[in-house]
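Peer 1: Before anything else, here's the structure in question.
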Amino acid sequence: MTGRQRALMKMCSLFLLNVAYCLLMCWRYERQISGKRKDSYSMELNSKENIQQNSPRTFTANLFIAQLQKRVYKRIFIQIGLGIILFLVGFLFVTDFTNEINAEQNLSMLKETYLELYNNNCDFLNSEQTLQDAVNALSEGNVNNFERRFNRFNLKNPVNNEVILADADYNAVYSSFSQEELSDYLLGYNGAVCNNARNTDTDNVYTAVYFSTGSYSDYLFVKPLLSGDEIVGYISLFLIGTDWDYYLSDENFEGVIIDERDNVIYRSKAGFANQSGKFYPQKKRIAVYNNERYWTKTERLDGYDATIYSMVYYPENHIAVVGLGVILILGISWFFIARWMSRTMAEYNAGQLSTLVKEIRMIQDGAHDHRIHMNTNDEFDEVAHRINRMLDSVRALNNRNMELVMLNTALETGQLEAQMNPHFLYNTLEIIRNLVIMDPDIAGELIEKLVYILRYSVNSSYREVRLREDMDYINAYLYIQKLRFGDRFQCEIDLPESCMECVVPKLLFQPLIENSIKYGYQDQMKLRVDITSELKSGILLISVCDNGPGVSEEKLKELSESLNIVDYHEKSLGLHNISRRLRLLYGEKSGVTVKNRLEGGFEVILAIDQNFIDNSGTGGTTDV
């Protein structure tokens, strides 16, 4: 049995195992869901009324089954197509990648061998001792020293060389060739090459290729011998092609090395060279030589007048066709199996959907405390769990909104009461009465401020504003307070422009300033209030501090703890309402913190997370 037949048998065996496994899994799945399907439909068949209610739903279930099967068919066809594409791409990629790696390694090996042999021969020919022994052999007629030196060089070289020592007229004085090999054609060719080498630089070696019909090529190295400036002879080294071929016979891949005239220096197969000893390469990655395909890689060796062609055998591969056939057979098998499985699963899922719809309708009909229970340990159970979580979230959101409405109402009522406070109005009107006589212009301006404050307070069209707008209101309020207290009251505001477009609750500052005025004058005649802000990592921090007496450590601890309590029923603690309002509107990173200042006084810090506004959409202004 050939390797190709064994591969085909393995693929067929794998196909049969896959089919058997698929049938087994389908049988097990059918047994697992058959009981659940019966339980699911038994609830619907208990009474005639139940059957009548579910008769329209039968059409819905059938439609669901048809749509599910349609999607299954579509996905199977897509997967079969993707499987074919991925198989072809993967097969071609692996094959091409392997061939490229092998060709690169073979090219490196050929290049390394060529350079080693080339440099060895050039070093021998350029050796002063070699040149001296050759000149002495020509002048004295004694070639023993030259012969011994050549033999020692040949023993060390991995590929054998033959040598011809010729005089200035190209006559052979010494040769390592046998008499049978030393033909007139060889001597004549050597003379012609020596004639071409006459103009070679003294530091260079002239190269050529010697080819005799029916044999391997020999790589020829020629070095002129000089006595002074006169050429007295030539050394010709023949790198034997048959020995070079034997040296590389253990390599797994093929290769050709040619010179700049397309003469074959080395070829791993005789068929790569034509009858003239030449090789004409094809300028393609995949080339055909002698009806055989090869994956080729080429490198030209500049300075050596040589080009190396690395070739990896690349036959037409029928495994790809067999693989495609197996994929198609598996795809068709899976199609019929999936058709049956999809029908079974669709019937089961349709029953579960009917149960889920019943549960949802119960909640829709008014059973808001009801929660869905599927107990199927599958995706339907997960859907039911998610719906239950959504219902819990909706209830929590409703409670949160109700609490927020109550807080907003309480705060707005408190603000309105503060503006309608008889003492505030009496003091303001008293100031206006006095100013009408003393300074009517200021009195008119004061009336405008009071009207603006009252209109801003009672306007309920929006509850959140930009910081810039709320500060306009605070400036009007501070204007009245400064007229009331005169030099005894001072308020400094330092708000960067980067904070002015941040979103804040309406009427945010007035309770804090009133708190400072209420408690700040207890032990002193003058009061200073500072309002500052900064924006850190998307969180707006607003500080309202005074130079009043502050609070005791015990009271400060009580205040701090109350700010983190959800339900705090002390009516007099407005800071808790502000903190709770900020958290409901802008998330858990928002709120109120209080502390005593080291230099004396009380400080309230408001944190408003602007990122929460961007991410959740909560806190957007209405008329900003």
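The values are calculated or read from the model by the stated rules, or taken from the named source; none is laboratory data. Since we're looking at a predicted model, the values are computed, not measured. Here the Cβ positions follow ideal geometry from the backbone for every residue, glycine too, while neighbour counts run over all protein chains shown. The area values use the complete protein model at the heavy-atom level, side chains included, leaving out ligands, DNA and RNA. Shrake-Rupley method; radii C 1.70, N 1.55, O 1.52, S 1.80 Å.
Peer 1: Inspect region 223-232 for any residue being under 20 Å from LEU117 (Cβ atoms), touching a strand residue (DSSP E or B) at 6+ places or on another chain (Cβ under 9 Å), open to solvent by less than 20 Å² (accessible area, probe 1.4 Å) and aliphatic (A, V, I, L, M) and give the result as yes or no. Outline the logic, then answer.
Peer 2: Within region 223-232, the first condition is being under 20 Å from LEU117 (Cβ atoms), and the residues that meet it are 223.
Keeping just the survivors that are touching a strand residue (DSSP E or B) at 6+ places or on another chain (Cβ under 9 Å) gives 223.
Checking the rest, the ones that are also open to solvent by less than 20 Å² (accessible area, probe 1.4 Å) come to 223.
So of that shortlist, the ones also aliphatic (A, V, I, L, M) come out as none.
Within region 223-232 (the criterion being under 20 Å from LEU117 (Cβ atoms), touching a strand residue (DSSP E or B) at 6+ places or on another chain (Cβ under 9 Å), open to solvent by less than 20 Å² (accessible area, probe 1.4 Å) and aliphatic (A, V, I, L, M)), the answer is no, since none of the residues qualifies.
Peer 1: Here's something else I'd like to know. Take the residues in region 454-479 that are part of a strand (DSSP E or B) and among the charged types (D, E, K, R), then tell me which one is least open to solvent (accessible area, probe 1.4 Å). Even if it seems obvious, please write down each step before you answer.
Peer 2: Of the residues in region 454-479, the ones part of a strand (DSSP E or B) are 464-466.
From what's left, among the charged types (D, E, K, R): 464, 466.
Numbers: GLU464: 22, ARG466: 70 Å².
For region 454-479, the residue satisfying everything is GLU464.
Peer 1: Might you check whether a residue that is free of Cβ contacts under 8 Å to residues at least 24 places away in the same chain and within 23 Å of ILE474 (Cβ to Cβ) occurs anywhere in region 541-563?
Peer 2: Among the residues of region 541-563, not one is free of Cβ contacts under 8 Å to residues at least 24 places away in the same chain and within 23 Å of ILE474 (Cβ to Cβ), which makes the answer no.
Peer 1: Return the total of residues in region 532-557 being at positive phi and out of contact with any helix residue (DSSP H, G or I) (no Cβ under 6 Å at 6 or more places or on another chain).
Peer 2: So the answer is 2.
Peer 1: Sort out for me the helices (runs of 4 or more DSSP H) sitting completely within region 117-198 that have 3 or more residues that are closer than 22 Å to SER217 by Cα. Spell out the reasoning first.
Peer 2: On the way: elements: 128-140, 144-156, 184-196.
Once the helices (runs of 4 or more DSSP H) in region 117-198 are filtered for at least 3 residues that are closer than 22 Å to SER217 by Cα, what remains is 144-156, 184-196.
Peer 1: Here is a follow-up. On the given criteria, is THR113 open to solvent by less than 70 Å² (accessible area, probe 1.4 Å), among the polar types (S, T, N, Q) and either under 30 Å from TYR206 (Cβ atoms) or not in a helix (DSSP H, G or I) (or both)?
Peer 2: Values: open to solvent by less than 70 Å² (accessible area, probe 1.4 Å): yes; among the polar types (S, T, N, Q): yes; either under 30 Å from TYR206 (Cβ atoms) or not in a helix (DSSP H, G or I) (or both): yes.
Yes: the conditions hold for THR113.
Peer 1: Quick one: what pairs do we get from region 340-351, first residue over 12 Å from GLN67 (Cα atoms), second buried (at least 20 other Cβ atoms within 10 Å of the Cβ) and at pLDDT below 70, C-beta under 8 Å, 6+ apart or different chains?
Peer 2: The qualifying pairs are TYR348/SER40; GLY351/SER40.
Peer 1: Taking region 207-222 only, how many residues are out of contact with any Asp or Glu (no Cβ under 9 Å at 6 or more places or on another chain) and farther than 16 Å from LEU117 by Cβ?
Peer 2: Summing the residues that are out of contact with any Asp or Glu (no Cβ under 9 Å at 6 or more places or on another chain) and farther than 16 Å from LEU117 by Cβ in region 207-222 gives 3.
Peer 1: Quick one: in region 513-528, which of the residues that are in contact with a helix residue (DSSP H, G or I) (Cβ under 8 Å, 6 or more places away or on another chain) and farther than 13 Å from ARG488 by Cβ is least open to solvent (accessible area, probe 1.4 Å)?
Peer 2: ILE513
Peer 1: With under 25 Å from ALA476 (Cα atoms) and either in a loop (DSSP other than H, G, I, E, B) or open to solvent by less than 80 Å² (accessible area, probe 1.4 Å) (or both) as the only criterion, which of ILE613, ILE608 stands out?
Peer 2: ILE608
Peer 1: Oh, and also: Pairs please, first residue from region 445-461 and small (Gly, Ala, Ser), second anywhere and part of a helix (DSSP H, G or I) and surrounded by 12 or more Cβ atoms within 10 Å (Cβ to Cβ), Cβ atoms under 6 Å, 6+ apart in sequence or on different chains.
Peer 2: Between residues of region 445-461 that are small (Gly, Ala, Ser) and residues that are part of a helix (DSSP H, G or I) and surrounded by 12 or more Cβ atoms within 10 Å (Cβ to Cβ), the close pairs are SER457/GLN415; SER457/LEU416; SER457/GLN419.
Peer 1: Please determine whether any residue of region 367-381 is assigned to a helix (DSSP H, G or I), of a type outside the set (Phe, Trp, Tyr) and at pLDDT below 75.
Peer 2: The initial filter retains those residues of region 367-381 that are assigned to a helix (DSSP H, G or I), namely 379-381.
Adding the requirement that they be of a type outside the set (Phe, Trp, Tyr) leaves 379, 381.
Of the ones still in play, those that are also at pLDDT below 75 are 379, 381.
Looking through region 367-381, at least one residue is assigned to a helix (DSSP H, G or I), of a type outside the set (Phe, Trp, Tyr) and at pLDDT below 75.
Peer 1: Tell me yes or no: at least one residue of region 472-492 is modelled with pLDDT of 90 or more, hydroxyl-bearing (Ser, Thr, Tyr), under 21 Å from TYR586 (Cα atoms) and out of contact with any His (no Cβ under 8 Å at 6 or more places or on another chain).
Peer 2: no
Peer 1: Restricting the search to region 73-92, which residues are touching a helix residue (DSSP H, G or I) at 6+ places or on another chain (Cβ under 6 Å) and either among the aliphatic types (A, V, I, L, M) or free of Cβ contacts under 8 Å to residues at least 24 places away in the same chain (or both)?
Peer 2: Those that are touching a helix residue (DSSP H, G or I) at 6+ places or on another chain (Cβ under 6 Å) and either among the aliphatic types (A, V, I, L, M) or free of Cβ contacts under 8 Å to residues at least 24 places away in the same chain (or both): ILE76, ILE80, ILE84.
Peer 1: Can I ask one more? Restricting attention to region 268-277, report how many residues are out of contact with any Phe, Trp or Tyr (no Cβ under 7 Å at 6 or more places or on another chain) and either more than 25 Å from PHE238 (Cα to Cα) or buried (at least 16 other Cβ atoms within 10 Å of the Cβ) (or both).
Peer 2: Selection size over region 268-277: 1.
Peer 1: Please find, within region 231-255, the residue that is nearest to the chain's Cα centre (by Cα) out of those that are modelled with pLDDT of 90 or more and of a type outside the set (Val, Ile, Thr).
Peer 2: Among residues in region 231-255 that are modelled with pLDDT of 90 or more and of a type outside the set (Val, Ile, Thr), the one nearest to the chain's Cα centre (by Cα) is GLY255.
Peer 1: Quick test of your reading of the structure: GLU448 fulfils all but one of (1) farther than 30 Å from LEU584 by Cα; (2) open to solvent by less than 30 Å² (accessible area, probe 1.4 Å); (3) charged (D, E, K, R). Name the failing condition by number.
Peer 2: Condition not satisfied by GLU448: (2).
Peer 1: Scan region 294-306 and report the pairs whose first residue is touching a residue at least 60 places away in the same chain (Cβ under 8 Å) and whose second residue is open to solvent by 70 Å² or more (accessible area, probe 1.4 Å) and not in a strand (DSSP E or B), with Cβ atoms within less than 6 Å and a gap of 6+ or a chain change.
Peer 2: Final answer for the pair search is ASP305/GLU260.
Peer 1: Could you tell me whether region 121-130 includes any residue that is open to solvent by 10 Å² or more (accessible area, probe 1.4 Å), more than 17 Å from GLY303 (Cα to Cα), more than 52 Å from the chain's Cα centre (by Cα) and of a type in the set (Phe, Trp, Tyr)?
Peer 2: Yes: one or more hits.
Peer 1: Here's a check for you: in region 195-222, which residue that is closer than 28 Å to SER268 by Cα and hydrophobic (A, V, I, L, M, F, W, C) is most open to solvent (accessible area, probe 1.4 Å)?
Peer 2: The residue in question is PHE211.
Peer 1: Scan region 577-597 and report the pairs whose first residue is open to solvent by less than 60 Å² (accessible area, probe 1.4 Å) and whose second residue is among the basic types (Lys, Arg), with Cβ atoms within less than 8 Å and a gap of 6+ or a chain change.
Peer 2: Correct list of pairs: LEU584/ARG400; SER590/ARG583; GLY591/ARG583.
Peer 1: If you don't mind, there's one more thing I want to ask. Report whether or not VAL312 is among the aliphatic types (A, V, I, L, M), at pLDDT 75 or above and more than 30 Å from LYS269 (Cβ to Cβ). Break it down stepwise before answering.
Peer 2: Values: among the aliphatic types (A, V, I, L, M): yes; at pLDDT 75 or above: yes; more than 30 Å from LYS269 (Cβ to Cβ): no.
No.
Peer 1: Moving on to the next point. If I go through region 97-124 residue by residue, how many of them are among the acidic types (Asp, Glu) and free of Cβ contacts under 8 Å to residues at least 60 places away in the same chain? Explain how you work it out, then say what you get.
Peer 2: Pass one, region 97-124, residues among the acidic types (Asp, Glu): 100, 104, 112, 116, 123.
Subset that is free of Cβ contacts under 8 Å to residues at least 60 places away in the same chain: 112, 116, 123.
Matching residues across region 97-124 total 3.
Peer 1: Look at ARG293 and say whether it is surrounded by 20 or more Cβ atoms within 10 Å (Cβ to Cβ), of a type in the set (Lys, Arg), at pLDDT 85 or above and touching an Asp or Glu at 6+ places or on another chain (Cβ under 9 Å). Walk me through how you get there before you give the answer.
Peer 2: Details: surrounded by 20 or more Cβ atoms within 10 Å (Cβ to Cβ): no; of a type in the set (Lys, Arg): yes; at pLDDT 85 or above: yes; touching an Asp or Glu at 6+ places or on another chain (Cβ under 9 Å): yes.
No; evaluated as a whole, the condition is false for this residue.
Peer 1: Still on this model: Inside region 529-553, can you point out the residues that are open to solvent by 60 Å² or more (accessible area, probe 1.4 Å) and acidic (Asp, Glu)?
Peer 2: Those that are open to solvent by 60 Å² or more (accessible area, probe 1.4 Å) and acidic (Asp, Glu): GLU534, GLU553.
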